[in-house]
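Here's the structure, in structure tokens; my notes come after.
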Amino acid sequence: MKYGFIGCGNMGGAIARALSKKTKDILLADYFAEKAAALADELGCQSGDNETVVNTCDRIFLAVKPQMMAEVLAPLQPLFAKKKPIIITMAAGITIEKIQLLAGTFLPTVRIMPNTPVTVGAGMVLYAHNEAVSEAEMTDILADAAECGQWDSIDEELIDAACAVSSCSPAYLYLFLDAMAEGGAICGVPKEKAISYAAAAMIGAARMVQQSDKTPIELANAVCSPGGSTLAGLQKLTDGNFSQTVIECMKSAYKRNKELGQ
């Protein structure tokens with residue numbers, strides 16, 4: 001098999017769905033076998049157990065929680081000693097070096113940090129890999145997984161910090177969006193419409209950041225008219241120490257990423 005998955009939770013399942021648009025050469029395994037079987041039936045691929053994945057797959061996604069990684073990999077060590085598949089790990093805080101330790105041998109390894117928008121093909125996936133993964137292999141993986149969204153190479157030492165920005169931030173954006181919609185509802189806009197309006201504004205603003213040569217602060221200033229409503233709203237955010245609160249949010253997520261790797 002070309003691809004295997006050990007773990008079919010939300011993120012593993014999302015990436016498997018994206019891959020299945022390019023290839024059906026996928027074998028799925030999960031602690032709950034029925035979950036893997038159901039997803040395999042949905043995607044038109046196969047399911048099995050962890051041992052079968054290691055024995056038969058060339059590229060294996062480890063969609064396993066950081067605290068479960070040691071328990072999952074320990075019984076697979078004898079198999080890894082005989083076969084050297086490419087390991088693609090997405091566990092927060094777990095370094096490539098630690099994956100080698102837990103697997104009991106040196107393996108070609110890619111470390112990725114996806115975010116939940118991969119579910120709708122609009123994800124941001126950070127990645128780094130060791131020297132055992134060739135550029136040709138990496139190019140092929142990126143082509144197969146293109147339906148996830150954007151992929152960006154980054155030094156592994158920066159992944160824990162970048163994860164706070166790309167992987168954790170959808171939760172913060174959802175919270176901000178809901179608060180905007182709740183404020184709109186209090187002012188009389190139906191909540192469902194307010195959510196739709198806020199989401200559209202968020203998508204449009206993000207697109208402007210991506211396509212403009214201006215900084216986010218410059219774009220924010222461009223929305224403001226002297227004495228206008230936008231400025232009145234921004235003043236409330238400033239009074240509430242909004243920017244510093246968000247910075248502390250990023251720092252806390254980064255700190256927790258480092259702790260998860262211990």
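Return the aspartates and glutamates within reach of residue 83: Cα separation strictly under 20 angstrom, same-chain partners fewer than 8 residues apart disregarded; answer none if there are no such residues.
25, 49, 51, 58, 71, 97, 131, 137
What value does the chain have for Rg/Rh, both radii from Cα atoms and Rh as Kirkwood defines it?
1.04
Need the full-extension length gain, residue 260 to residue 83, defined as separation in residues times 0.36 nm minus the C-alpha distance. One decimal, nm.
60.9 nm
Using a probe radius of 1.4 Å on heavy atoms only, what accessible surface per residue do you get for the chain? Whole Å² is fine.
55
Using a 1.4 angstrom probe with every protein chain in place, what is the largest-first accessible-area order of 106, 242?
Listed by decreasing accessible area, they come as 106, 242.
Between region 58-82 and region 203-262, how far is it from one alpha carbon centroid to the other, in angstrom?
39
Tell me the Kirkwood radius of region 1-123: reciprocal of the mean inverse pair distance over distinct alpha-carbon atoms, in Å.
For region 1-123, the Kirkwood estimate is 14.2 Å.
Considering only DSSP beta bridges with both partners in region 35-131, what is the antiparallel share in %, to the nearest 5?
Of the beta bridges lying entirely in region 35-131, close to 35 percent run antiparallel.
Counting only protein heavy atoms and using a 1.4 Å probe, what share of the accessible area of region 1-100 belongs to carbon plus sulfur, as a whole percent?
Summing carbon and sulfur atoms, their accessible area is 52 percent of the total for region 1-100.
State the Kirkwood hydrodynamic radius of region 57-112 in Å, one decimal place, computed from all pairs of distinct Cα atoms.
11.0
Can you tell me the orientation of helix 242-260 relative to the chain, as the angle in degrees between its alpha-carbon axis and the longest Cα principal axis, to the nearest 10?
Roughly 10 degrees between the two axes.
Expressed in nm to one decimal, what extension gain is obtained for the pair residue 33 and residue 174 from 0.36 nm per residue of sequence separation less their Cα-Cα distance?
47.6 nm
Of the cross-linked pairs 191/255; 193/214; 24/84; 191/236; 21/65; 98/214, which ones have a Cα-Cα span greater than 32 Å in the structure shown?
Violating the 32 Å Cα-Cα cut-off are 191/255; 98/214.
Relative to the first principal axis of the alpha-carbon coordinates of the chain, what is the inclination of helix 33-43, with its axis defined by its Cα atoms, in degrees from 0 to 90 and to the nearest 10?
Result, in degrees: 70.
In the chain, what percentage of the DSSP-assigned beta bridges are antiparallel, given to the nearest 5?
In the chain, approximately 15 percent of DSSP beta bridges are antiparallel ones.
Report P(r) for region 120-173: all Cα-Cα distances, bin width 10 Å, range 0 to the bin holding the largest distance, values in whole percent.
Calculated over all Cα pairs of region 120-173, the distribution is 21, 48, 27, 3 percent.
What number, rounded to the nearest 500 deg cm²/dmol, is the helix-based mean residue ellipticity at 222 nm of the chain, given -39500 (n - 2.57) per DSSP H run of at least four residues and division by all its residues?
Rounded to the nearest 500, the figure is -16500 deg cm²/dmol.
Which cross-chain or sequence-distant (5 or more) residues have an amide H under 5 Å from the amide H of residue 110, H modelled 1.01 Å from N in plane?
Long-range HN contacts for residue 110: 87, 88, 89.
At a 10 angstrom cut-off on C-beta neighbours, averaged per residue, how do the peptides 216-222, 154-160 rank from highest to lowest?
In decreasing order of mean packing, 216-222, 154-160 become 154-160, 216-222.
The values are calculated or read from the model by the stated rules, or taken from the named source; none is laboratory data. As the structure is a computational prediction, the values presented were derived from the model and not from experiment. As a convention, Cβ positions derive from the backbone with ideal geometry for all residues, glycine included, and neighbour counts pool all protein chains shown. Heads up: the accessible areas ignore ligands, DNA and RNA and are worked out on the full protein's heavy atoms, side chains in. Shrake-Rupley method; radii C 1.70, N 1.55, O 1.52, S 1.80 Å.
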